[in-house]
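Colleague: Structure below; questions to follow.
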Amino acid sequence: MKAIFYLFSILLLSTTAVLGQTIEPKEPRKPGTLYLSWGYNRDTYSKSTLHLYNHSSDNYDFKMIDATAHDKSDFDNIGPMDELTIPQYNMHIGYLFNDKRNLGVELSWDHLKYVVTDNQVVHLTGQIRGREIDKDTLVDPDFVHIQHTNGNNYLMLNILKKTSLFSNKHTELSWQNKFGAGPLYSFTISTVLGSHDPGHFKIQGYVLGLNTGLRYDIYKYFFVETIVQGAYARYFGTELGADRKGRLDHHFYSAFIAVQFGFNLPMAVFKSNK
């Protein structure tokens, strides 16, 4: 009986010793970092087939096959504070969790501008006021003019992954990749068959985007970053003409390069003050 008691005591002490060695207190979770950035971009677009139609106040239903488009940087307006949002700009706000996976979330507003090139020759198919058309045609701005210039706005919620490339006490260089999606909250100016709409803001579709870029943090509170984005934009039901009874459907791919400056707000600042 004593042998059993001694054996049980030895097993109990051994188990306690092992548990005491293997169970370690959890490290406190690092506070995250809130950030805000602002910058400007230049854009390029794929060709797009535009479907324009109006079956109520007018009578047309035709497609412009593989029309080209360009951006409108308006960088000559950078300077006065009340004109900062006239050029193609970017505004992002996000939160880095500062965990082992270096993940974060971000809300991005990318103000691009999309202008269908005037006076280009495209192939038209369909009908215009009862007349069938299927030929290459010079499209001047009195016939058709389309521009999403206030703008071709991408409002996206992004998931981001940060990879640190170099860091020291005061600086860090990191590589960031993002994937996001959201609505196209755009402002379209249009003319179709002489009927002009000066434009208005409206949700007109959706956008999917991928971003990659380098970010350089300085003294943990400031950073500068370069961003390259590729996106797919799908417009449907865009209102056209003076009475806004016409409609436009089209989709395209876009790419932009941007330079942004930002400010970090580490949540540890608030924690240390408690």
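Colleague: Filtering the stretch 102-131 down to residues that are within 30 Å of the chain's Cα centre (by Cα) and among the polar types (S, T, N, Q), which residue is modelled with the lowest pLDDT?
Modeller: This residue is Asn102.
Colleague: Considering only residues that are open to solvent by 30 Å² or more (accessible area, probe 1.4 Å) and farther than 26 Å from Pro198 by Cα, look in the stretch 225-240 and name the one that is nearest to the chain's Cα centre (by Cα).
Modeller: Gly230
Colleague: Six or more apart or on different chains, Cβ under 7 Å: which pairs go from a residue in the stretch 111-139 that's under 22 Å from Gly151 (Cβ atoms) to one that's among the aromatic types (Phe, Trp, Tyr) and surrounded by 12 or more Cβ atoms within 10 Å (Cβ to Cβ)? Could you list them?
Modeller: Correct list of pairs: His111/Tyr89; Leu112/Tyr154; Leu112/Phe256; Tyr114/Tyr45.
Colleague: Moving to a separate point now. Consider only pairs whose beta carbons are under 6 Å apart and that are at least six residues apart or on different chains; among these, list those whose first residue lies in the stretch 176-200 and is farther than 19 Å from His250 by Cβ and whose second residue is surrounded by fewer than 17 Cβ atoms within 10 Å (Cβ to Cβ) and β-branched (Val, Ile, Thr).
Modeller: Listed pairs, sorted by first residue: Asn177/Thr212; Phe179/Ile159.
Colleague: So, in the stretch 143-175, of the ones that are in contact (Cβ under 8 Å) with a residue 60 or more places away in the chain and of a type in the set (Val, Ile, Thr), which residue ends up most open to solvent (accessible area, probe 1.4 Å)?
Modeller: Only one residue fits best here, namely Thr163.
Colleague: Still on this model: Please verify whether Tyr206 is under 30 Å from Gly32 (Cβ atoms), touching a residue at least 40 places away in the same chain (Cβ under 8 Å), open to solvent by 10 Å² or more (accessible area, probe 1.4 Å) and among the hydroxyl-bearing types (Ser, Thr, Tyr), treating the condition exactly as stated.
Modeller: no
Colleague: Do you know which of the residues in the stretch 61-93 that are surrounded by fewer than 20 Cβ atoms within 10 Å (Cβ to Cβ) and of a type in the set (Ser, Thr, Tyr) is modelled with the lowest pLDDT?
Modeller: Ranking the qualifying residues of the stretch 61-93, first place goes to Thr85.
Colleague: Another question, if that's okay. Kindly indicate whether any position in the stretch 71-84 is of a type in the set (S, T, N, Q) and touching a residue at least 40 places away in the same chain (Cβ under 8 Å). So that I can check it myself, show each step before the final result.
Modeller: Pass one, the stretch 71-84, residues of a type in the set (S, T, N, Q): 73, 77.
Narrowing further to those that are touching a residue at least 40 places away in the same chain (Cβ under 8 Å): 73.
There is at least one residue in the stretch 71-84 that is of a type in the set (S, T, N, Q) and touching a residue at least 40 places away in the same chain (Cβ under 8 Å).
Colleague: Return the total of residues in the stretch 218-258 being more than 14 Å from Ser186 (Cβ to Cβ) and part of a strand (DSSP E or B).
Modeller: 18
Colleague: Based on this model, can you work out whether Val121 counts as β-branched (Val, Ile, Thr) and open to solvent by less than 90 Å² (accessible area, probe 1.4 Å)? Break it down stepwise before answering.
Modeller: Working: β-branched (Val, Ile, Thr): yes; open to solvent by less than 90 Å² (accessible area, probe 1.4 Å): no.
So Val121 does not fit the description; no.
Colleague: Among the residues of the stretch 94-118, how many are more than 28 Å from Ser56 (Cα to Cα) and open to solvent by 30 Å² or more (accessible area, probe 1.4 Å)?
Modeller: Qualifying residue count, the stretch 94-118: 11.
Colleague: Still on this structure, I have one more. Determine whether Ser174 is closer than 30 Å to Asn98 by Cα and modelled with pLDDT of 95 or more.
Modeller: Judged against the criteria, Ser174 is a match.
Colleague: Here's another thing I want to ask about it. Only one of these is more than 26 Å from the chain's Cα centre (by Cα), loosely packed, with under 13 Cβ neighbours inside 10 Å, farther than 19 Å from Val105 by Cβ and at pLDDT 95 or above: Asp197, Asp140. Name it.
Modeller: On inspection, the qualifying residue turns out to be Asp140.
Colleague: Then there's this: Name the pairs: first residue in the stretch 212-241 and over 18 Å from Lys63 (Cβ atoms), second residue not in a strand (DSSP E or B), Cβ to Cβ under 6 Å, at least 6 apart or on different chains?
Modeller: Pairs that qualify, where the first residue is over 18 Å from Lys63 (Cβ atoms) and the partner is not in a strand (DSSP E or B), are Tyr219/His170.
The values are calculated or read from the model by the stated rules, or taken from the named source; none is laboratory data. Only a predicted model underlies this, so the values are computations on that prediction, with no experimental measurement involved. As a convention, Cβ positions derive from the backbone with ideal geometry for all residues, glycine included, and neighbour counts pool all protein chains shown. Accessible surface is based on the protein model in full, side chains and every heavy atom, while ligands, DNA and RNA are left aside. Shrake-Rupley method; radii C 1.70, N 1.55, O 1.52, S 1.80 Å.
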